[in-house]
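Below: one structure, written as structure tokens.
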Amino acid sequence: SSGKVIVEGINLVKKHQKPVPALNQPGGIVEKEAAIQVSNVAIFNAATGKADRVGFRFEDGKKVRFFKSNSETIK
């Protein structure tokens, strides 16, 4: 558990890649996503249309997550 995630379209880096003739891969400059810290990622709340913070509470003896802004349970 390195504490990092890869998010599509975010933190794009350019990698200079050598050609690999055995695998028929051309060389060149390739753009790819790099990992970012999990603490810099937020969950999207569809009700508010924004990123939101998450809290935990117990409902019927089970621990569930909820959005802090509107107290809606996350499914």
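Each value in this text was obtained by applying a stated rule to the coordinates, not by laboratory testing. Computed from a prediction, not measured in an experiment: that's the story for all the values here. No Cβ is skipped: glycine too gets one built from the backbone with ideal geometry, and neighbour counts run over all protein chains shown.
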Run down the lysines and flag those whose C-alpha is under 17 Å from the C-alpha of K14, throwing out any fewer than 8 positions away in its chain.
K32
Provide the per-residue ³J(HN,Hα) series for the stretch 52-59, in order, calculated from phi with Karplus coefficients 6.51, -1.76, 1.60 and θ = phi - 60°, each as a whole number of Hz, with x at glycine and proline positions.
9, 8, 10, x, 10, 8, 9, 10
Whose amide H sits under 5 Å from the amide H of E72, counting only residues 5 or more places off or on another chain, with H placed in the peptide plane?
F67
Quick one: 3J(HN,Hα) in Hz for the stretch 45-50, Karplus 6.51/-1.76/1.60 with θ = phi - 60°, rounded, Gly and Pro as x.
9, 5, 5, 9, x, 9
Convert each backbone phi in the stretch 12-18 into a coupling constant with the Karplus relation 6.51 cos²θ - 1.76 cosθ + 1.60 (shift: θ = phi - 60°), then list the ³J(HN,Hα) values in order as whole Hz, x for Gly and Pro.
6, 10, 9, 10, 8, 10, 7
GNM of the chain, Cα pairs under 10 angstrom: of V30, V38, V54, the biggest fluctuation goes to V30
Local net charge near I29, Cβ-Cβ under 13 Å (Lys/Arg +1, Asp/Glu -1)
+3
Shape verdict for the chain, please, from the Cα gyration tensor: rounded (a/c under 1.5), prolate (a/b greater than b/c) or oblate.
prolate
Taking the Cα centre of the chain as origin and charging only Cβ (+1 Lys, Arg; -1 Asp, Glu), how large is the dipole, in debye to the nearest 20?
180 debye
